[in-house]
Amino acid sequence: MLDASSDRKRVFSMFLDALSTALLQICNEENLSYEAAAEKVGCSPEFFGRIIRKRSSPTITYFERLCRGFERTPNQLLGISDSVDELLHRIPMCVTKMRVIPAANLANPVCPRCNCSLEREYQAFCDRCGQHLLWCRFYRESSIIISSSQEYNEGSATNSSNSR
Ligand SMILES: [Zn+2]
């Protein structure tokens, strides 16, 4: 019992740390005073300041207001993974691979992030993972991957899998 409750306290204090850090960062980035930030959220500057100093913990309702006020998802507000992942997807990556499938008489560029075949050359984003794509090095530096048709069909709706 004691352990469970001290675990909970630790998680809770991590939550307050993350929230406080994120709020400070937002205030910095957007050049907001506590007053201006509190106004965006719809609370008193004192309460906002107490959250920053980790003296008060927001209720769920208040947490939602923070998200709405700063236009962040809960994960973004707590600095958790998907915002990082989302950011990484927006940094363009060069397409440098071409997948050739002799059995299907196909040649497709390959997404540098998720490795799926891209349907069109020069498309700006991968259809599957949303990665932002650059094509500047494609013709000069692409390497060729020879692939069996089965591999290519993996995960797609095509059903003629054993063409060999
Ligand atoms: Zn992709």
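The values are calculated or read from the model by the stated rules, or taken from the named source; none is laboratory data. All of these numbers come straight from a predicted model, not from anything done at the bench. With ideal geometry, Cβ positions are generated from the backbone for all residues, glycine too; neighbour counts draw on all protein chains shown.
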Q) Restricting attention to the stretch 50-68, which residues are within 29 Å of the chain's Cα centre (by Cα) and not in a loop (DSSP other than H, G, I, E, B)? A) I51, I52, I60, T61, Y62, F63, E64, R65, L66, C67, R68
**Q.** Residues of the stretch 14-23 classified as without any contact (Cβ under 8 Å) to a residue 40 or more places away in the chain and either surrounded by 12 or more Cβ atoms within 10 Å (Cβ to Cβ) or outside any helix (DSSP H, G or I) (or both), total
**A.** 2
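Restricting to the stretch 104-117, count the residues that are more than 15 Å from S143 (Cβ to Cβ) and within 13 Å of the ligand (Cβ to nearest atom). First the steps, then the outcome.
Residues of the stretch 104-117 that are more than 15 Å from S143 (Cβ to Cβ), as a first pass: 104-106, 113-114, 116.
Narrowing the set further to residues that are within 13 Å of the ligand (Cβ to nearest atom) leaves 113-114, 116.
Selection size over the stretch 104-117: 3.
Given the options E35, E46, name the one that is loosely packed, with under 15 Cβ neighbours inside 10 Å, touching a helix residue (DSSP H, G or I) at 6+ places or on another chain (Cβ under 6 Å), acidic (D, E) and on the phi < 0 side of the Ramachandran plot.
Working: E46 fails: touching a helix residue (DSSP H, G or I) at 6+ places or on another chain (Cβ under 6 Å).
When all the criteria are applied, what remains is E35.
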Q) Quick one: is R99 under 15 Å from the mean Cα position of the chain (by Cα) and either more than 12 Å from the ligand (Cβ to nearest atom) or surrounded by 14 or more Cβ atoms within 10 Å (Cβ to Cβ) (or both)? A) no
Q) Is there any pair linking a residue in the stretch 33-46 that is within 9 Å of G69 (Cα to Cα) to one that is among the aliphatic types (A, V, I, L, M), with Cβ under 7 Å and at least six apart or on different chains, and which? A) V41/L66
Q: Report, by residue number, each residue of the stretch 48-68 that is under 16 Å from A18 (Cβ atoms), of a type in the set (V, I, T) and at pLDDT below 90.
A: I60
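Give me the residue from the stretch 118-143 that is charged (D, E, K, R) and over 18 Å from the mean Cα position of the chain (by Cα) and, out of that set, farthest from the ligand (Cβ to nearest atom).
Step by step, filter the stretch 118-143, then rank; the result is R140.
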